[in-house]
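Since the structure comes first, as C-alpha cells, the remarks are kept for the end.
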Amino acid sequence: MTFEDLGLSPKLLSAIADAGYTTPTPIQAGAIPHALAGRDVLGIAQTGTGKTASFTLPMIERLSRGRARARMPRSLILCPTRELADQVAENVKTYAKNHKLTMALLIGGVAFGPQKEILDRGADIVIATPGRMLDHSERGGLLLMGVEILVIDEADRMLDMGFIPDIERIVAMLPARRQTLFFSATMPNEIQRLVASFLNNPERVEVTRPAQTAETINQLLVRVPDSQPKTKRAALRAAINRDGVKNGIIFCNRKRDVDTVARSLQRHGFSAAPIHGDLDQSLRTKTLAQFKSGELRLLVASDVAARGLDIPAVSHVFNMDIPRNADDYVHRIGRTGRAGLSGESITIVTPEDRKALAAITKLVGREPDTLDLVGDRITPAAPAQTSSASEPAAPSATAGQAAPDADANADSGPAREPAAESSEARGEGRSRRRRGGRNRSGRDRDSAPSSETAPASKPEKASAKESAPASVETVRPDTAQPQRSSRPSRAEREPEDAAVGFGDHVPDFLLRPAF
C-alpha cells in the first residue's frame, strides 16, 4: 500500500514525498481512511510507529477547504508536553507547506503575547498543552465553539501527568458535533472511560498489543551490587564506553538526578546536557536541537522526554534508574530502534529493583539479557536467566569493582558504609550515643575497645558480657530461647535521686536546692 491508496490530495502527496516517505505505517494505513471519512478514531500503537502523521495528514486534508475566524480555531490538538507539541507543530509545517493554513502553538515557558496575536488573526490549527490553552481561554482570547476536529495525543501520558481534569474541562467547551481522534500507546481503565465519554462509535485501529516493545531493540541489563549513586554512575560510564554507542538518551526518575548525572558525565569528558521540566523552555529547545543535530552526544532526561519525541538516529537508551511504572519502560526504550533502524537499551538494575524488574518482565514477556560488568569494562551479553523474575538476582563478584567516580562533587547520595558493618552494629552504635556515649561495658568509647571489636583472648570481652544491662537479651549457643540476665536493673542499683542522662557528671546547677 502507498499513500496514493489512502485518498490524499496531490498537494499532500507532494509534501509527503518531499519529506522522504513513500509507504504508510500500519497505524497510518488503518487510521487515515477513517479520519478522512469523518469518523471518530481510537488509535492504539506503540511509540515510534507514526501516530503523528495518522492525524495530521487527514486533518490538513479536511481543513484545506474553509477559513478560520479570529480567536475561533477550526481544529485543536492537545499534547502532554511542550516538546511533543513542538514536534507536532513541525510535522504540520512539513505536511501543510502546500496549503494556506495558519497554525498557533500554545505552550508554556514562552511569551504569551505572540501567541495571542496569532489567535486574534485566526488559526486553522491550534496545537497546545492543556495548561496554556486554558490560560488563553480564561482570558477570552480563545473560543472553542468552532472546533471541527479534536485530537488527543498520548492520552495515557495525559493520565500519568494529571491532565485528565483539564481535558474534561476543555472537551466540555467544544461543540457536540465534532470529530475526535484519540491516540494512546496503552489503554488503562481510566483511558477507556474517557473513550466512552469523548468518542462517538469510534473506529478502533490497533496495530500491536499494548505495551509491546519493538523487535528492533536489543534489551540489556547491567546489574550492580548496590544503589549508591557512584556505583551506578560508574556502570553507566562503562556502558557508554561500549563499542557501537553513537549517541544516547539517559533516563533518570528524578529531576535532581538528571542534573547530577549530566554534571558527572561532563566532568568525565562526555558531551552531555540535561533536559527536564524545571529548565527554561528556551534552554530545553536549544538542548534538544543540539542533540538532534549531533552536536550533543548524550541527552540526560526525565520522563518529560520519554513520550512522542521523534529522533530517528538514537542508537542507545540508558535507564540510569529503572522506571517506577512498567509502561514507562516501553516508552523510554522506544526512543531507539525507530523507523526500522536497530537500537539498544541498557538498564542499570540494583538488588532493590527486583520487583520493578519483575513487572517489566511480565509486561514485555521476557527478561532482558545481562551484561557482565568487570572493573570499568562491560563484556558481551550473557543469556537471560530462566529463574523467576521476582527472585533477587545475585550480583556479579566483580560488579562492585567498577571504576570509582572521580567527581565527588557530583554525588548527591550518602557515602557508602563499610561492608563489614552490619545493621545490628549500626543500631548498637546509635544505642550507645543515646546512653551518653557509653558502651556496653560502661566505659567511655575512647577509653577501651567495645565487646564487638576486642580480641577474644582479652578479658575485657568476657567482662563486657557479664556487665551487660538487664534489658539486653542473650542467647546461649546450646539453646534457641533468649535468656534474660540476672543482673539488677538500673532502678535497683541506683538511688532514687540519681540524675540520669549525663554520664558520670551532673551539672552543678541541677544540684542546687529548690526554693
Tell me which of these ARG237 doesn't satisfy, since it passes every other one: (1) surrounded by fewer than 17 Cβ atoms within 10 Å (Cβ to Cβ); (2) farther than 23 Å from VAL364 by Cβ; (3) more than 18 Å from the chain's Cα centre (by Cα).
(1)
Given the condition closer than 30 Å to ASP120 by Cα and either β-branched (Val, Ile, Thr) or assigned to a helix (DSSP H, G or I) (or both), answer yes or no: does some residue in segment 17-31 qualify?
no
For segment 124-168, which residues satisfy the criterion of being free of Cβ contacts under 8 Å to residues at least 12 places away in the same chain and within 22 Å of ARG332 (Cβ to Cβ)?
GLY162
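Is there a residue being farther than 19 Å from ARG169 by Cβ and of a type outside the set (Phe, Trp, Tyr) anywhere in segment 70-78? Spell out how you get there, then give the answer.
Step one: filter segment 70-78 for residues farther than 19 Å from ARG169 by Cβ, giving 70, 74.
Restricting the remaining residues to those that are of a type outside the set (Phe, Trp, Tyr) gives 70, 74.
Yes, segment 70-78 contains at least one residue that is farther than 19 Å from ARG169 by Cβ and of a type outside the set (Phe, Trp, Tyr).
When you scan segment 313-331, do you find a residue that is outside the structural domain of CYS79 (by TED's automatic domain parsing), at positive phi, touching a Ser or Thr at 6+ places or on another chain (Cβ under 8 Å) and touching a residue at least 60 places away in the same chain (Cβ under 8 Å), even just one? Lay out the reasoning, then the answer.
Here is the first cut: in segment 313-331, the ones outside the structural domain of CYS79 (by TED's automatic domain parsing) are 313-331.
With the extra rule that they be at positive phi, the set shrinks to none.
Within segment 313-331 (the criterion being outside the structural domain of CYS79 (by TED's automatic domain parsing), at positive phi, touching a Ser or Thr at 6+ places or on another chain (Cβ under 8 Å) and touching a residue at least 60 places away in the same chain (Cβ under 8 Å)), the answer is no, since none of the residues qualifies.
For the condition in contact (Cβ under 8 Å) with a residue 40 or more places away in the chain, more than 21 Å from LEU84 (Cβ to Cβ) and polar (S, T, N, Q), what is the one hit in THR216, THR180?
Details: THR180 fails: more than 21 Å from LEU84 (Cβ to Cβ).
Unique residue meeting the criteria: THR216.
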Please work out if ALA272 is within 27 Å of ALA234 (Cβ to Cβ), surrounded by 20 or more Cβ atoms within 10 Å (Cβ to Cβ) and at pLDDT 90 or above.
yes
State whether the residues of segment 53-67 include one that is modelled with pLDDT under 95, under 26 Å from the mean Cα position of the chain (by Cα), more than 14 Å from PHE3 (Cα to Cα) and not aromatic (Phe, Trp, Tyr).
no
Exactly one condition in (1) surrounded by fewer than 20 Cβ atoms within 10 Å (Cβ to Cβ); (2) in contact with a Phe, Trp or Tyr (Cβ under 8 Å, 6 or more places away or on another chain); (3) touching a residue at least 60 places away in the same chain (Cβ under 8 Å) is not met by GLY43; state its number.
(1)
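Please verify whether segment 92-109 includes one or more residues that are within 22 Å of ARG338 (Cα to Cα) and buried (at least 16 other Cβ atoms within 10 Å of the Cβ).
Yes.
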Condition test on ALA128, is it over 28 Å from the mean Cα position of the chain (by Cα), small (Gly, Ala, Ser), under 30 Å from ALA15 (Cβ atoms) and in the same structural domain as SER75 (by TED's automatic domain parsing)?
no
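Does LEU199 fit the bill of being in contact (Cβ under 8 Å) with a residue 40 or more places away in the chain, within 19 Å of CYS79 (Cα to Cα) and touching a strand residue (DSSP E or B) at 6+ places or on another chain (Cβ under 8 Å)?
Values: in contact (Cβ under 8 Å) with a residue 40 or more places away in the chain: yes; within 19 Å of CYS79 (Cα to Cα): yes; touching a strand residue (DSSP E or B) at 6+ places or on another chain (Cβ under 8 Å): yes.
Taking the combined requirement at face value, the residue satisfies it.
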For segment 8-40, give me the residue count where each residue is free of Cβ contacts under 8 Å to residues at least 12 places away in the same chain and under 33 Å from the mean Cα position of the chain (by Cα).
1
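Being at pLDDT 90 or above and under 19 Å from the mean Cα position of the chain (by Cα) narrows it down to one residue among LEU181, LEU220; which is it? Give the derivation first.
Working: LEU181 fails: under 19 Å from the mean Cα position of the chain (by Cα).
On inspection, the qualifying residue turns out to be LEU220.
For segment 76-105, what are the residues that are of a type outside the set (A, V, I, L, M, F, W, C), more than 31 Å from the chain's Cα centre (by Cα) and either at pLDDT below 95 or outside any helix (DSSP H, G or I) (or both)? So that I can check it myself, show each step before the final result.
Residues of segment 76-105 that are of a type outside the set (A, V, I, L, M, F, W, C), as a first pass: 80-83, 86-87, 90-91, 93-95, 97-100, 102.
Those left that are additionally more than 31 Å from the chain's Cα centre (by Cα): 95, 97-100, 102.
Of everything in segment 76-105, those that are of a type outside the set (A, V, I, L, M, F, W, C), more than 31 Å from the chain's Cα centre (by Cα) and either at pLDDT below 95 or outside any helix (DSSP H, G or I) (or both) turn out to be LYS97, ASN98, HIS99, LYS100, THR102.
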Just one of (1) crowded, with 22+ Cβ neighbours inside 10 Å; (2) among the hydroxyl-bearing types (Ser, Thr, Tyr); (3) under 29 Å from ALA17 (Cα atoms) trips up THR129, so point out which.
(3)
Flag if ALA29 is crowded, with 19+ Cβ neighbours inside 10 Å and touching a Phe, Trp or Tyr at 6+ places or on another chain (Cβ under 8 Å):
no
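The values are calculated or read from the model by the stated rules, or taken from the named source; none is laboratory data. Please read all numbers here as calculations on a predicted model, not as lab measurements. Because the Cβ atoms are built from the backbone with ideal geometry, glycine has one as well, and the counts that use them run over all protein chains shown.
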